[in-house]
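Novice: Below you'll find the structure I mean.
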Amino acid sequence: MRWLLLLIALASPLHAEGEKPGTFDYYVLSISWSPNWCAYEGNNRGSPQCDADPGFGWVLHGLWPQYEAGWPSYCPTRWGIPAAKIRKEFGAIMGDPDSASYQWRKHGSCSGYGPVGFFDRAKRAFQSVTMPESLTQLGSDRISAAAVENAFLAANPELEPDMITITCKSGMIQEARICLTKDLEPRVCGTDVRRDCRATSAEFFADVGIGAKTRVRSPIFVHETTSKIYK
């Protein structure tokens, strides 16, 4: 029984809370497709990200300090929540100013930077990625996760397949997660991050206005393997 429990533990993603800030190996840049998030979760939560007017597409979910296996979170820090100016600025690329506060507490606190330094890096990392325009020109609302990854690879020639992973949730494309060094250069992801969604026909609301108008009342069932990292 002990060896079975050990194998299960080794196969599961590991995370730690309260670790020393700055002691991590690399970053995961998480970019979320807003119309899908609004459809499966955001609308039901009444998130301002899902208002029809902003028309958000790819938004910054977060910049996450990562170990080669696992990740730190909620690290001790002398810094409080980001100032209102920072929250407002990042609401424009995260979809919701409150997201900045949450991402700082859980992930930014482990970066070794204060809020200004951390969010400056997050913004630079997000802006370094070219968002594939081809995905907003689809003639269908269904696409394979592999096609989304290939679109990012084509738009960002510096990326290699093991540097990016696509996740799914509730039968929909969820996020693109790109691995970066501490200097924000592309690098190979750890094995616990390289767990691509395998859906061959996942929902993808290409029109940025659709997700704001749609509520998903029940999951759409497609064959998928979703990353086990939920942040």
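Throughout, read-outs are computed from the coordinates displayed, never taken from laboratory work. Not measured: the values here are computed from a predicted model. In this analysis, Cβ positions are derived from the backbone assuming ideal geometry, glycine residues included, and neighbour counts consider all displayed protein chains.
Novice: Through the Karplus equation 6.51 cos²θ - 1.76 cosθ + 1.60, θ set to phi - 60°, convert the phi angles of region 26-33 into ³J(HN,Hα) values in whole Hz; use x for Gly and Pro.
Specialist: 6, 10, 10, 8, 9, 10, 9, 8
Novice: Also, I was wondering about something else. Along each principal axis of its Cα atoms, how long is region 14-203 end to end? Whole angstroms, biggest number first, please.
Specialist: Each principal axis gives a Cα extent; for region 14-203 these are 50, 36, 26 Å.
Novice: Still on this structure: At what distance in nm do the modelled label points of Glu89 and Glu160 sit from each other, each positioned 7 Å from its Cα along Cα→Cβ?
Specialist: 3.4 nm
Novice: If I stretch the segment between Tyr102 and Asp51 completely, what's the gain in nm (0.36 nm per residue apart, minus their alpha carbon distance), one decimal?
Specialist: Numbers: separation 51, 0.36 × 51 = 18.36 nm, distance 2.02 nm.
Stretched fully, the Tyr102-Asp51 segment lengthens by 16.3 nm.
Novice: Here is a follow-up. Let's test the formula: R0 of 35 Å, r as the Cβ-Cβ distance of Tyr74 and Ser134. What FRET efficiency results, to the nearest 0.05? Intermediate values should be presented prior to the final figure.
Specialist: Details: r = 38 Å, r/R0 = 1.09.
Between Tyr74 and Ser134 the formula returns 0.40.
Novice: With an 8 Å Cα cut-off and a minimum separation of 6 or more residues, compute the relative contact order for region 14-203 in percent.
Specialist: 26 percent
Novice: Excluding residues on the same chain fewer than 8 positions from Lys123, give the aspartates and glutamates whose Cα lies under 19 Å from its Cα.
Specialist: In chain and number order, the partners are Glu89, Asp96, Asp98, Glu158, Glu175, Asp183, Glu185.
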